[in-house]
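Notes follow once the structure below has been shown.
The values are calculated or read from the model by the stated rules, or taken from the named source; none is laboratory data. These numbers were taken from a predicted model, which means no experiment stands behind them. Every residue, glycine among them, receives a Cβ derived from its backbone with ideal geometry; neighbour counts consider all protein chains shown.
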Amino acid sequence: MRPMKWTTRAVCVALIAVTLAGVALAVSQGSQSDPLVTLSYLNEKAVPEIMAQVDAKLDELGAAQGSQRGSFVAVEVSKGKTLKLSAGAQILFRSGAMAPSVSLTDVTDGTITGGLTANHLYLATAETTLTAGSASTVLVQGSYSVG
């Protein structure tokens with residue numbers, strides 16, 4: 001066997017010193033005034049506070065639009081009356097007879113249609129007026145008015 005050279009020993013000592021310095025630096029991070037963030041802090045304090053703020057903001061926006069977020073509102077339209085939908089509004093046609101002023105996207109079938117089928121979900125891609133040929137019931141999500 002050959003005796004180890006001093007350079008090999010010096011490199012090993014340097015690697016050990018660098019490793020110890022890195023560990024010491026990692027351990028010294030955080031203090032009483034500036035602690036590290038732990039998973040329990042995130043799960044128990046930060047995330048619930050953020051979610052509460054997001055929920056409050058969504059409720060605020062929903063109140064401003066006149067509807068609750070993500071909910072459908074049952075609307076009954078008398079014969080001869082109109083239902084005006086803004087672009088992006090959705091309707092679930094339940095019963096009656098209604099004629100749209102422009103074509104609607106039938107989300108149930110994935111088609112564009114000018115007539116309504118019971119229990120199909122429709123998306124208004126532009127401002128749309130639906131005229132009731134008979135008393136009709138729809139569920140609406142989004143901005144609408146009955147006239």
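Tabulated data
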item	result
Considering residues of region 49-71 that are surrounded by 11 or more Cβ atoms within 10 Å (Cβ to Cβ) and modelled with pLDDT of 80 or more only, the residue nearest to the chain's Cα centre (by Cα)	Asp55
Residues within region 81-119 that are part of a loop (DSSP other than H, G, I, E, B) and on the phi > 0 side of the Ramachandran plot, tallied	3
Meets criteria (of a type in the set (A, V, I, L, M, F, W, C), at pLDDT 85 or above and either in the same structural domain as Ala132 (by TED's automatic domain parsing) or in contact with a Ser or Thr (Cβ under 9 Å, 6 or more places away or on another chain) (or both)) for Ala74	yes
Pair list, Cβ under 8 Å, 6 or more apart: region 125-147 residue under 15 Å from Gln90 (Cβ atoms), other residue aromatic (Phe, Trp, Tyr)	Val138/Phe93; Leu139/Phe72; Val140/Phe72; Gln141/Phe72
